[in-house]
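Participant: Quick one: structure below, then a few questions.
The values are calculated or read from the model by the stated rules, or taken from the named source; none is laboratory data. On a predicted model such as this, the values are computed, not experimentally measured, just so you know. Glycine gets a Cβ as well: all are built from the backbone with ideal geometry, and neighbour counts include every protein chain shown.
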Amino acid sequence: MIQVQNLTKRYGATTAIEDVSFTVPKGQVVGFLGPNGAGKSTTMRIIAGSLGATEGQVLLDGQDVFKHPREVKRRIGYLPEVPPLYTDMTVRDYIRFAARIKGVEDTRGATEAAISKTGLTPVAHRIVDHLSKGYRQRCGLAQALVHSPEVLILDEPYSGLDPAQRVEIRVLLQSLLEDDHTIVLSTHVLADIEALAKRVVIINEGRIVAQDDIAHLGQDSQTVELQLARPEGALEVLRALPEVLTAQQIDRDRFRLQTRDDQRATLAAAAVPFGLLELQGRQRLEDLFLRLTGDHS
């Protein structure tokens, strides 16, 4: 559905992204991940047609985003990291305005449908400037949905949402998938990526460092954290286990190990003599993200 081919974007001597290529299959969510400043937003703006590229191309079902911008933009809904809101308008007027400028024929029907889908009905009459950050984020999502696009480009759609609101937006995105929408989703909430996306693309320092189905990522290793009541001498014992690739002591009583496959039973048996208090396998996607981006904060 979407083909990103050898995208490069330069600002003078500064290269924001370089030789970025990936595909997004029709009807799927692809998680687009990376640390702050990695080039995610630049890439998503180019895909959405709101920013030009220095080199490369983006195709939507074979149509070039740069050569046929109007045709492609009719099929894309874009939510930037900072929603494009007119804060002196009411929610309903803003969504209706977005519907008009996107060429929607039934602006009233489309407006009410977008308001309902995004849970804005209780505040539809209120001025946008008077809304909480979470509701403002929903306004941004509503404008991206109002013209019923086939493709959604969502840059941090969960920003400012509390856990309950995040679940509601996740359910909304899942319902859009049932309608055969295609979604490129960037978020720092890796649990939501794992819940929604089949495939992920990871970018770091402007370059793609990994892309694959989530089910295939990191199958060769797993990160496990242990907490021990009597940690003295435990590090040497854990390092000596043949299943352990690396081991480090990260606090007085806490240890982080990387193992071949899932070795939690073996580690638990080895740790029991040291007073095992906790054993936790870290999410595979989180582990891979940290290893590839060097983001250990």
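Participant: For region 139-170, enumerate the residues that are part of a helix (DSSP H, G or I) and either touching a residue at least 24 places away in the same chain (Cβ under 8 Å) or not assigned by TED's automatic domain parsing to the domain that holds SER50 (or both).
Facilitator: CYS139, GLY140, LEU141, ALA142, GLN143, ALA144, LEU145, GLN165, ARG166, GLU168, ILE169, ARG170
Participant: A further question follows. Can you list the helices (runs of 4 or more DSSP H) lying wholly within region 37-120 that have 2 or more residues being among the basic types (Lys, Arg) and touching a residue at least 24 places away in the same chain (Cβ under 8 Å)?
Facilitator: Counting at least 2 such residues, we get 40-48.
Participant: Step by step: first the residues of region 59-88, then only those that are among the aliphatic types (A, V, I, L, M) and touching a strand residue (DSSP E or B) at 6+ places or on another chain (Cβ under 7 Å), then the one that is nearest to HIS130 (Cα to Cα). Which residue is that? Give the derivation first.
Facilitator: First, pick out the residues of region 59-88 that are among the aliphatic types (A, V, I, L, M): 59-60, 65, 72, 76, 79, 82, 85.
From what is left, the residues that are touching a strand residue (DSSP E or B) at 6+ places or on another chain (Cβ under 7 Å) are 59-60, 65, 72, 76, 79.
Values: LEU59: 39, LEU60: 38, VAL65: 36, VAL72: 34, ILE76: 29, LEU79: 20 Å.
Filtering region 59-88 for residues that are among the aliphatic types (A, V, I, L, M) and touching a strand residue (DSSP E or B) at 6+ places or on another chain (Cβ under 7 Å), the one nearest to HIS130 (Cα to Cα) comes out as LEU79.
Participant: Now a separate question. Can you name the condition, by its number, that ARG291 falls short on among (1) within 24 Å of GLY31 (Cβ to Cβ); (2) in contact (Cβ under 8 Å) with a residue 24 or more places away in the chain; (3) surrounded by 15 or more Cβ atoms within 10 Å (Cβ to Cβ)?
Facilitator: Failed condition: (2).
Participant: Can you confirm whether region 18-34 contains a residue that is surrounded by fewer than 21 Cβ atoms within 10 Å (Cβ to Cβ), more than 19 Å from the chain's Cα centre (by Cα) and either at pLDDT 95 or above or part of a strand (DSSP E or B) (or both)?
Facilitator: Yes: one or more hits.
Participant: Name the single residue that is farthest from ARG138 (Cα to Cα) among those in region 66-86 being modelled with pLDDT under 95 and β-branched (Val, Ile, Thr).
Facilitator: VAL72
Participant: Sticking with this structure for a sec: If you scan region 113-131, which residues turn out to be under 20 Å from LEU173 (Cβ atoms) and not polar (S, T, N, Q)? Walk me through it before giving the result.
Facilitator: Narrowing region 113-131 to residues under 20 Å from LEU173 (Cβ atoms): 113-121.
Answer for region 113-131, where residues must be under 20 Å from LEU173 (Cβ atoms) and not polar (S, T, N, Q): ALA113, ALA114, ILE115, LYS117, GLY119, LEU120.
Participant: Going by the structure shown, is LEU154 within 19 Å of the chain's Cα centre (by Cα), buried (at least 16 other Cβ atoms within 10 Å of the Cβ), aliphatic (A, V, I, L, M) and at pLDDT below 95?
Facilitator: Numbers: within 19 Å of the chain's Cα centre (by Cα): yes; buried (at least 16 other Cβ atoms within 10 Å of the Cβ): yes; aliphatic (A, V, I, L, M): yes; at pLDDT below 95: no.
The answer is no for LEU154.
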